[in-house]
2 protein chains.
Amino acid sequence: MKAGVRAATLGGVTDRDAPRYELYYWPGIPGRGEFVRLVLEDAGVPYVDIGRVPEAEGGGVPAILRLLAGERAGPLPFAPPALVAGDLVLWQTAHICHWLGCRLGLAPTEEGPRLAALSLELTLADLVAEAHDTHHPIAGSLYYEDQREEAARRAQRFREERLPRFLSYLERTLARNEARGGGVLVGADVTHVDLTSFQVLGGLRHAFPKACARLDPEIPRLRALRERVGARPRLAAYLASERRLAFNESGIFRHYPELDP
Amino acid sequence: MKAGVRAATLGGVTDRDAPRYELYYWPGIPGRGEFVRLVLEDAGVPYVDIGRVPEAEGGGVPAILRLLAGERAGPLPFAPPALVAGDLVLWQTAHICHWLGCRLGLAPTEEGPRLAALSLELTLADLVAEAHDTHHPIAGSLYYEDQREEAARRAQRFREERLPRFLSYLERTLARNEARGGGVLVGADVTHVDLTSFQVLGGLRHAFPKACARLDPEIPRLRALRERVGARPRLAAYLASERRLAFNESGIFRHYPELDP
């Protein structure tokens with residue numbers, strides 16, 4: 001199963017005892033899998049993106065369904081993304097990102113900031129879930145077209161109440177953390193939380209370009225962080241690669257102009 | 001600030017270096033704070049339930065608002081529940097429960113099951129969020145009465161699709177873990193995950209008694225676990241105490257008969 005294997009980048013984390021990291025996530029959308037990819041790519045460690053490995057080589061959607069059906073011993077993941085690392089199986093995006101961040105030098109080492117990093121990662125996960133529910137307020141099993149009216153109502157509340165609340169919270173968090181000199185959300189160096197905020201902000205701008213443009217003046221630190229993260233060498237190389245999936249209208253962050261008037 | 005302090009139960013965890021645990025959560029509803037309380041109560045450690053301490057003694061809603069306004073140094077919690085333990089501040093329910101569980105003997109000690117415990121706790125948190133959104137599918141800032149039609153649609157999908165999916169997943173997880181002999185969701189002994197499942201099942205039965213009754217035959221292991229957890233001596237004592245808050249129609253799990261026909 002060689003296709004989809006990301007070669008270790010020179011200068012990346014070198015860990016001879018590292019397990020083989022296998023990401024299980026639906027192909028075709030960045031979705032929640034992308035938050036995990038950003039940590040792995042920024043750390044420069046090899047991983048297998050199982051959903052994008054050809055079925056003939058044991059990957060693709062059938063491989064994901066086998067994992068969810070319990071083919072593998074050990075705990076049963078509820079939903080993708082899931083990460084398999086040797087004998088370990090993790091699911092839930094924020095948990096995976098934090099665990100990888102702790103292993104791969106993308107989490108604070110001090111206890112207080114380290115715990116705060118998971119709190120922040122989970123707060124961003126809530127923002128992601130609320131952004132998703134703007135186009136699926138009734139059920140994920142229904143098409144958007146079958147819940148358009150409800151989506152319009154929910155999206156309005158999201159644009160006017162929730163989005164400003166989350167973004168101003170992140171901006172205040174950056175301001176409070178400035179004493180550490182890093183311009184990052186927690187601790188002194190870039191962590192998985194900053195990588196996730198990069199993806200969340202990109203997704204929000206894709207889905208709600210007008211609402212985001214209105215809020216831009218109020219989040220200078222957050223915008224600066226996004227630029228800094230996107231310019232990190234390994235991340236920039238990834239973003240320019242074929243591995244990077246664009247936001248699209250099958251994913252979490254969807255641009256429906258009627259939801260962003 | 002002595003009111004609200006839970007005296008250490010004889011036989012509980014004894015930790016002379018333990019910090020003072022302070023739970024910040026809205027008074028009057030069990031809500032997400034209750035998941036944290038169950039871990040603290042079952043472990044038998046003292047804690048201060050700040051929201052229920054009289055304002056005159058420095059507690060109540062004003063104390064919560066001061067924490068959220070950033071009065072305290074360190075990371076800024078986004079929303080309650082938050083836990084303050086000495087210099088540490090954590091927020092996000094599942095994270096708090098897992099961290100406390102690891103400290104207080106209510107989490108697996110082996111790495112694999114320990115990581116799975118957080119994945120499971122977060123999966124239960126997703127179920128809680130979906131149960132909440134059945135009565136608030138448009139916005140938390142609107143009354144239920146202002147989103148009743150949407151709630152009816154969302155609740156139907158929840159009862160017919162999501163609730164069976166989550167419950168059957170938990171039942172399968174219990175079945176897979178039976179080899180360990182514990183009758184628990186992860187590892188060999190009761191963990192924070194089992195305590196949370198107890199509260200979630202109770203909440204679901206409060207909100208959707210008819211839908212739950214229909215599913216009962218399919219979840220014998222989960223019902224047995226609920227009974228076992230509720231019979232644990234310290235937890236049973238807590239449930240019979242005045243500290244325990246009943247489910248009510250201001251909380252997460254609300255019984256609106258029209259949402260459970």
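The values are calculated or read from the model by the stated rules, or taken from the named source; none is laboratory data. Source: prediction; values computed, not measured. Counting neighbours? That spans all protein chains shown, and the Cβs are built from the backbone with ideal geometry, glycine included.
Before moving on, here are some points about what is shown:
- Across the range A:41-67, the qualifying residues are those that are in a helix (DSSP H, G or I) and of a type in the set (D, E, K, R), and the one among them that is nearest to the other protein chains (Cβ to nearest Cβ) is A:ARG66.
- Extreme residue, nearest to the chain's Cα centre (by Cα), among residues of the range B:112-122 that are within 16 Å of A:GLU121 (Cβ to Cβ) and within 7 Å of another protein chain (Cβ to nearest Cβ): B:LEU122
- Check on A:GLY58, modelled with pLDDT of 95 or more, surrounded by fewer than 23 Cβ atoms within 10 Å (Cβ to Cβ) and farther than 24 Å from A:VAL229 by Cβ: yes
- Here the condition is being surrounded by 15 or more Cβ atoms within 10 Å (Cβ to Cβ), more than 19 Å from the chain's Cα centre (by Cα), among the hydrophobic types (A, V, I, L, M, F, W, C) and at pLDDT 95 or above; of B:LEU88, B:LEU65, it holds for B:LEU88 alone.
- Filter pass, B:PHE253 being of a type in the set (Phe, Trp, Tyr), buried (at least 16 other Cβ atoms within 10 Å of the Cβ) and over 15 Å from B:LEU120 (Cα atoms): yes
- Qualifying residues in the range B:93-103 (those that are more than 10 Å from chain A (Cβ to nearest Cβ) and in contact with a strand residue (DSSP E or B) (Cβ under 9 Å, 6 or more places away or on another chain)) - the one surrounded by the fewest Cβ atoms within 10 Å (Cβ to Cβ): B:ARG103
- Scanning the range B:115-124 turns up one or more residues that are touching a residue at least 40 places away in the same chain (Cβ under 8 Å) and farther than 22 Å from B:ILE252 by Cβ.
- Cross-chain or 6+ apart pairs with Cβ under 9 Å, the range B:232-261 first and of a type in the set (Val, Ile, Thr), then surrounded by fewer than 17 Cβ atoms within 10 Å (Cβ to Cβ): B:ILE252/B:ALA129
- Failed item, numbered, when A:THR109 is tested on (1) β-branched (Val, Ile, Thr); (2) surrounded by 18 or more Cβ atoms within 10 Å (Cβ to Cβ); (3) more than 11 Å from chain B (Cβ to nearest Cβ): (2)
- Residue within the range B:68-83 that is part of a helix (DSSP H, G or I), farther than 27 Å from B:LEU115 by Cβ and of a type in the set (Lys, Arg) present: no
- Selection within the range A:130-183: residues that are touching a residue at least 40 places away in the same chain (Cβ under 8 Å) and among the small types (Gly, Ala, Ser). The member of this set that is farthest from the other protein chains (Cβ to nearest Cβ) is A:GLY183.
- Criterion: closer than 30 Å to A:GLY74 by Cα and more than 20 Å from the chain's Cα centre (by Cα) - qualifying residue of B:ALA231, B:ALA179, B:ALA139: B:ALA179
- So B:GLY112, is it touching a strand residue (DSSP E or B) at 6+ places or on another chain (Cβ under 7 Å) and assigned to a helix (DSSP H, G or I): yes
- All positions within the range A:84-104 that are assigned to a loop (DSSP other than H, G, I, E, B) and farther than 21 Å from A:ALA125 by Cα: A:GLY86, A:ASP87
- Residue list for the range B:75-92, restricted to those being within 28 Å of B:GLY140 (Cα to Cα) and facing chain A (nearest Cβ under 9 Å): B:PRO75, B:LEU76, B:PRO77, B:PHE78, B:ALA79, B:ALA82, B:VAL89, B:LEU90, B:TRP91, B:GLN92
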